[in-house]
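Have a look at the structure below before the remarks.
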Amino acid sequence: MTLSLVRRALLTAALLVPLLLSGCWDKDELNELAVVIGVGLDKKSDHNYEVTAQVIKPSPGGQGGGGQGGGAEVPTWSLSANGKTVMDAIHQLNKISPRQMYWSHLQLIIFGEDLAKEGIAPVINWFERDRRSRSGTYTVVTHGTAEDLLNQKIELGKVPAKAMADLLETSDDRQLSARKTSLRDLLARLSTPGIDVSMDVIDPRKIRGQVETYELTGTAFFKSDRLQGYLTGQEATAVEFIEGKINEGVLLVPCPNQPDEWVTFQITQIRSRLTVDAADGKVKPKADLQLEGNFGDQTCAADLQDPKDRMRLQEDIEKAVIKSIQTAYKQTAELESDLFGIGRELRRRHPKVWQQKNAQGWNKQLSEIPLDLSVKVEIRRPGLIFQPTPTKIK
Amino acid sequence: MEKVRISLTQAQMLIITSITASGHLLFIPAILNHTGRDSWLCLLLVVPPALLIAYTVSSLARMYPGQTVIEYLPLIVGKLPGKLFAVLFLFYFFHHALLSVRGFGEFFTIAITPDTPILVYFAAILSLAVYAVRNNLEVLARTNQLFLPIMILVGLSASILTHKDKDFHNFQPILEFGFEPVLQGTLTLAGLYGSFLLMSMVFPYVSRDAKSFKKSSLITMIILIVMFAGPLTGPVAVYGPERSIGISFPTFQLLRDIRVGELQRLDVLGILLWSLGSFGKISLYLYSISLGLSQLFGLKDYRSLVIPVAALIAINSLMISENFLEIYRFLRDTYPYYSNFMGLLLPLVVLLIAKWRERSKRKDGGDGDVQETAQTQTG
C-alpha cells in the first residue's frame, strides 16, 4: 500500500522530532552533581581567599539502620582551595572534585574572622552574580576560620552546614533571637547608607572535652563591610529589640526585694519604633519599645500577683532592656558602626541634615549622639499557676 | 483584504500584553537606574503623555476607520511622504520586535540556561509566532485572551507573596535628588508607552464602532500604568533603593526570592510569565510588520511575508548589539528620546495634519479628495 504525500511528510516529521528530544544543553544529572550545602570563606594571605565547600556525599541506597555508635561516618565532605577571587577558588575546587558542584542548595555562607575584619565585599560578588545563588542563604561569622567550623563532627544532625542553618532557622522556636542575616539582608544593608550589617556568630562548642555541637555565641557587627567587634549575652539581641523582631525571647531579672533570686520573663510580643529628630540641627534618635510577655519562671517564693510587685518587676525588666540596648549602642557607636540604622532613619526624615552629616563622616559622629530609649513592659499572663507552690520550709 | 474581526477587549488585551511583557523585564531596570527610589512618581507624571499617546492613536483610527496606519498615512501627508512615514513606523515596529526577541533570549541565557545557544530561543519563539500569525489575528487575539489573565494572576500573586519582604519606608525621603531623575525616568516610561502606536495596526479589525476607540484606549492606558506600579515599587521596597539599581532583572529577582514557608524557588513563574508574554508580544509585532509591509507594497495577502520577516527578526536581533549591556544602555540612554519621537511626536504631527486637512476641507465645502478616498476605501 502506498502512502499519500502528506502522510509521508507527516511520518518523516514524526521521526525527526525525537532527534530534537534527545536532550538539552543545560541538563544536570543528579548523579553527576555534588550538592554544596555550606561554604566557608577565609583569608589566606593578601588577595588570596580560601573557599571551603561542604558537599553531601552520595550514599549508596538506604543505610539500613547502620548506627555504628559514635564513630558513624560523616555523610559530608569539605574541600578547600585558594584563589584570587571566589570564582577562581571554586575553579581550583573543580580540579579536585570529580563531580560538578551544584550551588542552588547552598544554605549557609560562613565568613572567617580574619576575612571579615579585612572586608567581605570582595567575596560576596560571585554569590550575587551567579544565577544559581539564592538570596535566602544565611550568612554568619565565626571566631576562628570557616574551614575549621565546617569540619567539626557534631552529634545532632549529620550535615554540619545544615545543622548550623537549622540553628538559625529554628531559633525562634527555641526562644532565641538570632539575627538570621540572609544574603539579601546583607546586600541591602551593605548598599544602604546609614545602616550597618550585623550577623550571627557561630562557634564550635566543646562538651565533655571535645567538640560536639555548635553554639550561637552572639552578634558580630560591622562598619561597612568590615567586622568591628562582637556583642555577647543580652546585648547581642539589641538589634532585634530596636527592629522589633523578637518573636520569642527570654529576659532574666532579679526578684523584687530579693536581688539574689531571679524571675524569667518570656517575651511574646514587641512593638518598636525608631524616630530621629533633627529639628535644630542636632540629631536626636529615639526608640520606643513596647514589650508584652508572660511569667516564665521564678526562684523566689514571693507572690507576684501583688500589683505593686508586678509594677516593680515591669520596671526592672524595662531597666534591663534599656541597659542592654544602651550598652550595645555605646559599644557599637564607639567603633563607628551604625547598627540600628539611625543614619538611614535620619536620611528618611531629614535628608538635608543627613547630607550635611554624611559629608562630615556619619559613622564618626555616632559616639556623640545619645540614644533616647523608652521601654514599656506589660506582663500579661502567669502561665498555668498564679504563684509558686507554697513550700512549708522557708 | 481579509475579513478579520476581533472584539475591542481582545484588542485591548493584545496591547496590554505587548507593552507589559518586555516592559516588566527589560525596562524596569532602566527606569530604576534613572530614578531609583522615586520611580513610583514616574507613574504619576507619565499619565499626561501616556494619555496623549492613547488619544493620538485612537483619534487617527477614528478618523480613518477600517484602515491601518500604513494605509491612511498617504491620505494624510501625501503619497510619497506617506510611504516614507510608513517605512519609519514599520522600522519602529521592527526595532521593537528585535529588542523583545533579543531580550527574551538574553533572559533565558543569562538567568536560566547559559549553555543553550540563544538562537534556540529565537527559533522557538519565532516559529510559534509564525504559526500563530499565519493563522490570523483572530487566533492570536483569542490565544492572548487566554494567556493574559494567567499572566495577571501570576503577577498579582508575586506582588502578594513578596509583600512581607517589602519595607515601604524605603521610599523616603522623596525627591532627595530633585526632579531631574524623575523626569528622566518618566521619559523612559513614556517611551515604552509610545509602542501603543501598534494599536493602529489592530484597530481596523475591531468589530466595534470606531467611536468607542478613544474611551477604551484611555482606559487601556490607565490599566497599563497601574500594571507598572508593582514592578516599579517592588524592587525598591525589597532590596532598598541602592541595591535595586544594579540588578539585571529586578522583577525576576523578586520572583526568585519569594519565600513563604515552603513555597520558594518560583523561578518557573517568571519563565511562564515572560514566555507567554513574549509570545503574545512578538506575534503581534510579527503580524503588524508583515501586514504593514504587504500594505506598503500593495500585496494582497500578508501571509507570504510572515516567514521572511521572522527570519529577518531572528538574524537582526542577534546583530542589533554585541552584548546585553549594550541593549541595557540603549534602553536607558537612547530609547527614551527615540521612542518618544517615534511613538508620540510623529503620530501627533500626523494627527495635527489630519485635523487641519479635515478642517480646511470642511471650509472648502467637501472639495478635498483626501477624505473621499478614505471613505471609499472604508466601505
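Quick notes on this one:
- The set of residues from segment B:276-304 being surrounded by 18 or more Cβ atoms within 10 Å (Cβ to Cβ) and free of Cβ contacts under 8 Å to residues at least 12 places away in the same chain comprises just one member, B:Ser294.
- Here the strands (runs of 3 or more DSSP E) wholly within segment A:190-299 that include at least 2 residues being surrounded by 15 or more Cβ atoms within 10 Å (Cβ to Cβ), assigned by TED's automatic domain parsing to the domain that holds A:Trp354 and touching an Asp or Glu at 6+ places or on another chain (Cβ under 6 Å) are A:249-255, A:258-277, A:284-298.
- If the condition is being facing another protein chain (nearest Cβ under 10 Å) and not acidic (Asp, Glu), then segment B:237-248 contributes B:Val238, B:Tyr239, B:Gly240, B:Pro241, B:Arg243, B:Ser244, B:Ile245, B:Gly246, B:Ile247, B:Ser248.
- Residue count for segment A:300-318, restricted to those that are touching a Gly at 6+ places or on another chain (Cβ under 9 Å) and either in a loop (DSSP other than H, G, I, E, B) or of a type in the set (Asp, Glu) (or both): 0.
- Test: residue in segment B:156-172 that is in a helix (DSSP H, G or I), β-branched (Val, Ile, Thr) and farther than 30 Å from B:Pro48 by Cβ: yes
- Restricted to segment A:335-352, and to residues there that are surrounded by fewer than 19 Cβ atoms within 10 Å (Cβ to Cβ) and over 23 Å from the mean Cα position of the chain (by Cα), the residue that is nearest to A:Ile242 (Cα to Cα) is A:Arg349.
- Failed item in (1) crowded, with 21+ Cβ neighbours inside 10 Å; (2) within 12 Å of chain A (Cβ to nearest Cβ), with B:Gly234 passing the rest: (2)
- One residue stands out among those in segment A:189-215 that are closer than 18 Å to A:Phe241 by Cβ and within 14 Å of chain B (Cβ to nearest Cβ): the one that is nearest to the chain's Cα centre (by Cα), which is A:Val197.
- Scanning segment A:106-121 for residues that are within 14 Å of chain B (Cβ to nearest Cβ) and buried (at least 16 other Cβ atoms within 10 Å of the Cβ) yields A:Leu106, A:Gln107.
- Residue in segment B:117-127 that is aromatic (Phe, Trp, Tyr) and not in a helix (DSSP H, G or I) present: no
- Condition met for A:Ile124 (under 24 Å from A:Val35 (Cα atoms), more than 14 Å from every other protein chain (Cβ to nearest Cβ) and not aromatic (Phe, Trp, Tyr)): no
- Test result for A:Leu186, surrounded by fewer than 23 Cβ atoms within 10 Å (Cβ to Cβ), out of contact with any Pro (no Cβ under 8 Å at 6 or more places or on another chain) and not in a strand (DSSP E or B): no
- Every residue from segment B:170-180 that is touching a helix residue (DSSP H, G or I) at 6+ places or on another chain (Cβ under 8 Å) and either more than 14 Å from chain A (Cβ to nearest Cβ) or β-branched (Val, Ile, Thr) (or both): B:Ile174
- Residue match in segment B:255-276 (condition: part of a helix (DSSP H, G or I), more than 14 Å from chain A (Cβ to nearest Cβ) and not hydrophobic (A, V, I, L, M, F, W, C)): yes
- The residue that is nearest to the other protein chains (Cβ to nearest Cβ), among those in segment B:109-122 that are surrounded by 15 or more Cβ atoms within 10 Å (Cβ to Cβ) and in contact (Cβ under 8 Å) with a residue 12 or more places away in the chain, is B:Ala111.
- Residue match in segment B:195-218 (condition: among the aliphatic types (A, V, I, L, M), more than 25 Å from B:Ser22 (Cβ to Cβ) and more than 11 Å from chain A (Cβ to nearest Cβ)): yes
- Filter result for A:Asp148 (within 19 Å of A:Ala89 (Cβ to Cβ) and crowded, with 17+ Cβ neighbours inside 10 Å): yes
- Scanning segment A:153-179 for residues that are in contact with a helix residue (DSSP H, G or I) (Cβ under 6 Å, 6 or more places away or on another chain), surrounded by fewer than 21 Cβ atoms within 10 Å (Cβ to Cβ) and touching a residue at least 12 places away in the same chain (Cβ under 8 Å) turns up just one, A:Ile154.
- Of the residues making up segment B:313-329, those that are assigned to a helix (DSSP H, G or I) and in contact (Cβ under 8 Å) with a residue 40 or more places away in the chain are B:Ile313, B:Ala314, B:Asn316, B:Ser317, B:Leu318, B:Phe324, B:Ile327, B:Tyr328.
- Complete set of residues in segment A:333-356 that are among the charged types (D, E, K, R) and either in a loop (DSSP other than H, G, I, E, B) or away from chain B (no Cβ under 13 Å) (or both): A:Glu334, A:Glu336, A:Asp338
- Filtered by the rule that a residue be modelled with pLDDT of 90 or more and part of a loop (DSSP other than H, G, I, E, B), segment A:363-393 gives A:Ile369, A:Pro370, A:Leu371.
The values are calculated or read from the model by the stated rules, or taken from the named source; none is laboratory data. Here the structure is a predicted model, which means the values were calculated and not measured. Every residue, glycine as well, gets a Cβ built from its backbone with ideal geometry; the counts of neighbours run over all protein chains shown.
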